[in-house]
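First up is the structure itself, then whatever we jot down about it.
The values are calculated or read from the model by the stated rules, or taken from the named source; none is laboratory data. Owing to the predicted nature of the structure, the values given are computational and were not obtained by experimental measurement. Virtual Cβ from ideal backbone geometry, glycine too; neighbours counted across all protein chains shown. Accessible surface areas use protein heavy atoms only, side chains included; no ligands, DNA or RNA. Shrake-Rupley method; radii C 1.70, N 1.55, O 1.52, S 1.80 Å.
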Amino acid sequence: MQSYLLKFLTLVLIISFYGCNGDDPVITGSGRIELVFKGEYASLPWVKGQTYDYFNNGQILFTKSEFFISNLGLYQTGLFKSLSAVEYVSISEHHVSEQKALEGLVLQFDQVPEGSYDSLAFNLGLTAAQNKTKPADYLPTHPLGEGSRYWAGWNSYIFSKTEGNYNDGSKSFNFTYHSGFDDAMKPIHLVKNIVVEKDKTTRIIIHLDHQLVFSEGPQGMDISTTPQIHNKSTVMDAFMDRYQQAFRIE
């Protein structure tokens, strides 16, 4: 009996020793992340309804800019710390003045383990699993519970909405560019040293340059020929590829 007891106590000591190995990371606290989205058009603040030069080929203004992001989180030496499964970002609801645009739209995340992270990642759009669900599956307050963000004819959520007006100098065109379907989702990976300290707030600023979204060639996307995107097409694919490249971390 004493032999079995001795073996048991020895095993406990071994486990305790390796469990307290000083090489293991020690998390002693947490902080807050403020993720700040700032819409831009080239070097100018993006303001709803404001007119901008369109590649020296007319003028453009925006009335809507909003999108889903999913699997938002931080990377730390290969490990992923999730901040949110899904968020809905409406630049146009927030950026109603230049002051608001300069302030940026803020998303807050608490209880983020302290430490040094090497990048921020998220998807522009939804995962295939999320896109198989419907607004009725959620509470109305959930980002996926709003019916206007889903198109039953697509059997898909609307991943992004970009709307406005383009004037080529002689004629005006309203444009409505909506993206959806599983393969419209684009991964975003933004490299930056991000330090989260105990009981402190870390601000991460993300810029979205709307001019880059339209930068198809030196004269920009031909809005007059394609004023709408409502179905899966090569135009939608190219639009989302440019959208993916339009994010920048500060």
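Some points to look at:
- Restricting the stretch 103-151 to residues that are assigned to a strand (DSSP E or B) and touching a helix residue (DSSP H, G or I) at 6+ places or on another chain (Cβ under 8 Å), the residue that is least open to solvent (accessible area, probe 1.4 Å) is L124.
- The listed residues are E34, E66, E40, and the only one of them that is under 30 Å from A129 (Cβ atoms), in contact with a helix residue (DSSP H, G or I) (Cβ under 8 Å, 6 or more places away or on another chain) and either open to solvent by 40 Å² or more (accessible area, probe 1.4 Å) or modelled with pLDDT of 95 or more (or both) turns out to be E66.
- Annotation: of all residues in the stretch 187-238 being hydrophobic (A, V, I, L, M, F, W, C) and in a helix (DSSP H, G or I), the one that is nearest to V89 (Cα to Cα) is V213.
- In this entry, K198 passes the filter for residues that are at pLDDT 95 or above and charged (D, E, K, R).
- Considering the stretch 86-99, and only residues there that are of a type outside the set (S, T, Y), surrounded by 17 or more Cβ atoms within 10 Å (Cβ to Cβ) and within 12 Å of G39 (Cβ to Cβ), the residue that is nearest to the chain's Cα centre (by Cα) turns out to be V89.
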